[in-house]
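Novice: What follows is a structure written as structure tokens; I'll ask about it next.
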Amino acid sequence: MMKRITLGMKLIKVSGMTAMFLGIAAATAWAAGENHWLPMDTWKTLNFAILFIILFLLLKKPTQAFFSSRRKEIADELKELEDKKAAAEKELAEYQARFANLDQESRQIIQDYIQQGEEAKKRIIAQAEAQAEKLEDMAKRTIEQEFKSARIKLQQEISALAVDQAEHVIQNAISSEDQEKLVDDYLKKVVA
């Protein structure tokens, strides 16, 4: 049913266009000063009108398709360009905000680097102090060990000298009679 209505509408449009075309052709011929209309002119006009209608009907859909696809392409391109424009405006706003905060960001970065430098300085000083304490402790232990070693050597030398001195004193102080008495006392202890 719907197809019949649209087909009827198309026929009305086409016949209306043909009548209009014939009217324009007749008006043009009459305006040109020719007051007589020949039957050949009617057939020429009718042939032209039929050719026009056939071309119109044949080229209507491809032309509409072309223009609608072109319209769609243009609309898509416009939408894409609007999206790009919106993205560019957003990016521009971000960059403007960044530039506005650039001075503050640079101060913050410098402050962060100074703080990191101070922390590194404290850490290095603490490590150096700890290493100095270790070296000082090692030096104290080494000195103490050297003192002990020197004391032991000194005690050994003193003991050796004391023994030598005692031997020398004993040799000079004991006479041969004292030696015999000592030997006899020793023998008595062993026998008993």
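Novice: Just the residues that are loosely packed, with under 10 Cβ neighbours inside 10 Å and in a helix (DSSP H, G or I), please, taken from the range 151-182. First the steps, then the outcome.
Specialist: Pass one, the range 151-182, residues loosely packed, with under 10 Cβ neighbours inside 10 Å: 171-173, 175-177.
Across the range 151-182, the qualifying residues are Gln171, Asn172, Ala173, Ser176, Glu177.
Novice: Which one is surrounded by the fewest Cβ atoms within 10 Å (Cβ to Cβ) among residues in the range 29-58 that are at pLDDT below 65 and assigned to a helix (DSSP H, G or I)? Full working, then the answer.
Specialist: At the first step, the residues of the range 29-58 found to be at pLDDT below 65 are 29-37.
From what's left, assigned to a helix (DSSP H, G or I): 29-31.
Working: Ala29: 16, Trp30: 12, Ala31: 8.
Only one residue tops the list, namely Ala31.
Novice: Of the conditions (1) among the β-branched types (Val, Ile, Thr); (2) exposed (fewer than 10 other Cβ atoms within 10 Å of the Cβ); (3) modelled with pLDDT of 80 or more, Ile5 clears all except one; give me its number.
Specialist: With respect to (1) among the β-branched types (Val, Ile, Thr); (2) exposed (fewer than 10 other Cβ atoms within 10 Å of the Cβ); (3) modelled with pLDDT of 80 or more, Ile5 is out only on (3).
The values are calculated or read from the model by the stated rules, or taken from the named source; none is laboratory data. Computed from a predicted model, the values in this text were never measured in an experiment. With ideal geometry, Cβ positions are generated from the backbone for all residues, glycine too; neighbour counts draw on all protein chains shown.
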